[in-house]
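*Asks:* Have a look at this one.
The values are calculated or read from the model by the stated rules, or taken from the named source; none is laboratory data. In this text the structure is predicted, and so the values were computed from the model without any measurement. Cβ atoms come from the backbone with ideal geometry, glycine included; neighbour counts cover every protein chain shown.
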Amino acid sequence: MVLLQFLRRHSLAIIVAVSLFLLALAIFTSQPRGSMSFLEGLVGEVISPVQKAIYRAASFIHGSIAEIKERRNLRENYEQLKERVEQLEKELLRMNELEKQNQRLKKLLDFAVEREELVVTGARVTGKDPGNWFNVFTIDKGKNQGIAVNMAVVTERGLVGRIIEVGPNWAKVRSIVDAQSSISGIVERTRDNGIVKGNNAFGAEDGTCSMVYLPLDSEVSEGDKVITSGLGDFLPKGIYIGEVIKVVRYKKDLYKTAVIKPGVDFQRLEEVLIVKARSDE
Amino acid sequence: MKIWVIAGVLLGNLIIQSSLFPFIEVYGVRPDSLMVLVISFALLAGNPTSAVAGLCGGLLQDILFGQNIGFYALQYMLIGYFVGLVYGKVFAGKLLIPVFFVGIATIFRGLFAFLWMYFAGVDVSLNWLFLRTILPEMIYTVIVTPIIYYYMNKLYRHKFMNRRWYFD
């Protein structure tokens, strides 16, 4: 066809002509105009439904993708915050623990300062026999720290017990509420001597002690304080043991028995002091 | 048949470009898929197909998104025409060839835009424009070129595209 041949032969010329036309059109349409040209209006009329559909589809896709992104962000944030809360809770727990420990140790320290004639060392309770009561328990100091059998174990609230076994870095303590424990005590007001035995026998654990061998004419009564007598060779004199809560005399006995509630809380023991020696000896 | 396929490709590209591409935008830069298509036509079919495809694709863009009717049409038509001149002179099966032309054409488009802005009185530095827009767009477009070209090549191998225009 003549037309195609003409096109082929003069392609460069056609391109230049169309280019110039487009350039002119672009320049012309770039001028600010109040109203759309007829052509633009027509094309817009035809194309705007298509455009609308495209726009709708695009915004739908955009919306859903943005939502997914946002949700993922939220999730991430949530996980992070959760982790942070866990961390902070742990931290708080630790802080509370430290605070309590601090208070306990302060009390122990007060005791140590008060009784400055006693050479003491602190120890942490590391284990105990099963059950509610600290009948026999272990501490984290032993022979290497200068601990020996029969040393007194105390807290700021009174006598805990004594060392019965020593390892290199640990020791076993028998508390005064244990049924096998017997120590020499004295009623502070009446100066009556007696033996303080633990009442925590198997099956009957009430965390009290009994002071036996009190003379029949003893005026011991409820509320009297009992301290160590210092008789024997291991416990220092004058350490608080507990308070008399009941005085009884069993029928066949030739002595009175006083039930003592120890000053130490034997259900909650964490740190103790060990009396190594008396400084004035 | 062929002409409808090309028109469909151009229209589909327009829809994808306007709906999907905002989401693969990186730092405000999108790949110029129309340019890859025009260059594919140029290398696979030559003139006048590529020049007309560029003109039509560009016009569609102008009418839908542009402010100056003819701005894009002119660019894409020229790209289609000049790249179409090498049709038959290079081996169109290689992926590196469209990548090369896409790179060149992106720079050409950038320069065109710069000149346009310059003559419109917009104060813009070529350096800034190159670093901020042209170079990132070139890199991004070059990355997607092999994908689009691969499918265009496949399309052209299809039998319904083999019928040529017989005008005479």
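*Asks:* Scan region A:133-160 for residues that are surrounded by 16 or more Cβ atoms within 10 Å (Cβ to Cβ) and on the phi > 0 side of the Ramachandran plot and jot them down.
*Replies:* A:Gly158
*Asks:* Look at B:Leu131 and say whether it is farther than 28 Å from A:Ala58 by Cβ, of a type outside the set (Ser, Thr, Tyr) and either part of a helix (DSSP H, G or I) or in contact (Cβ under 8 Å) with a residue 60 or more places away in the chain (or both).
*Replies:* yes
*Asks:* Restricting to region A:222-236, name every residue that is in a loop (DSSP other than H, G, I, E, B) and surrounded by 13 or more Cβ atoms within 10 Å (Cβ to Cβ).
*Replies:* Passing the criteria: A:Asp224, A:Ser229, A:Gly230, A:Leu231, A:Phe234, A:Leu235, A:Pro236.
*Asks:* Same structure again: Out of A:Val136, A:Val149, A:Val160, report the one residue that is closer than 20 Å to A:Ala179 by Cα and without any contact (Cβ under 8 Å) to a residue 40 or more places away in the chain.
*Replies:* Criteria check complete, one pass: A:Val149.
*Asks:* Those residues that are free of Cβ contacts under 8 Å to residues at least 24 places away in the same chain and more than 22 Å from the chain's Cα centre (by Cα), I need them from region A:116-129; list them, please.
*Replies:* A:Asp129
A quick yes/no check of all residues on (1) loosely packed, with under 13 Cβ neighbours inside 10 Å; (2) of a type in the set (S, T, N, Q); (3) part of a strand (DSSP E or B):
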{"position": "A:Lys172", "(1), (2), (3)": "no, no, yes"}
{"position": "A:Tyr213", "(1), (2), (3)": "no, no, yes"}
{"position": "A:Gly238", "(1), (2), (3)": "no, no, no"}
{"position": "A:Thr257", "(1), (2), (3)": "no, yes, yes"}
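*Asks:* Next question. Given the structure, is A:Val125 away from chain B (no Cβ under 14 Å) and touching a helix residue (DSSP H, G or I) at 6+ places or on another chain (Cβ under 8 Å)?
*Replies:* no
*Asks:* Look through A:Thr121, A:Thr126, A:Thr138 and report the one residue that is touching a Phe, Trp or Tyr at 6+ places or on another chain (Cβ under 6 Å) and not in a loop (DSSP other than H, G, I, E, B).
*Replies:* A:Thr138
*Asks:* Residues of region B:49-65 being away from chain A (no Cβ under 11 Å) and aliphatic (A, V, I, L, M), which ones?
*Replies:* If the condition is that a residue be away from chain A (no Cβ under 11 Å) and aliphatic (A, V, I, L, M), then B:Ala53 is the only one that fits.
*Asks:* Hey, could you check region B:1-48 for residues that are of a type in the set (Ser, Thr, Tyr) and within 13 Å of the chain's Cα centre (by Cα) and say which is nearest to the other protein chains (Cβ to nearest Cβ)?
*Replies:* Among those that are of a type in the set (Ser, Thr, Tyr) and within 13 Å of the chain's Cα centre (by Cα), it is B:Ser33.
*Asks:* Return the residue satisfying two criteria in turn: it lies in region B:66-88 and is surrounded by fewer than 24 Cβ atoms within 10 Å (Cβ to Cβ) and β-branched (Val, Ile, Thr), and of such residues it is farthest from the other protein chains (Cβ to nearest Cβ).
*Replies:* Taking the candidates together, the pick is B:Val86.
*Asks:* For A:Ser48, are the conditions met, namely being out of contact with any Lys or Arg (no Cβ under 9 Å at 6 or more places or on another chain), modelled with pLDDT of 80 or more and under 30 Å from B:Ile16 (Cα atoms)?
*Replies:* Taking the combined requirement at face value, the residue does not satisfy it.
*Asks:* Test A:Ser181 against the criterion of being buried (at least 17 other Cβ atoms within 10 Å of the Cβ), closer than 30 Å to A:Val119 by Cα and among the small types (Gly, Ala, Ser), and give yes or no.
*Replies:* Judged against the criteria, A:Ser181 is a match.
*Asks:* Sticking with this structure for a sec: Hey, does region B:91-105 have a residue that's surrounded by fewer than 18 Cβ atoms within 10 Å (Cβ to Cβ), part of a helix (DSSP H, G or I) and either within 14 Å of chain A (Cβ to nearest Cβ) or not aliphatic (A, V, I, L, M) (or both)?
*Replies:* The answer is yes; a qualifying residue exists.
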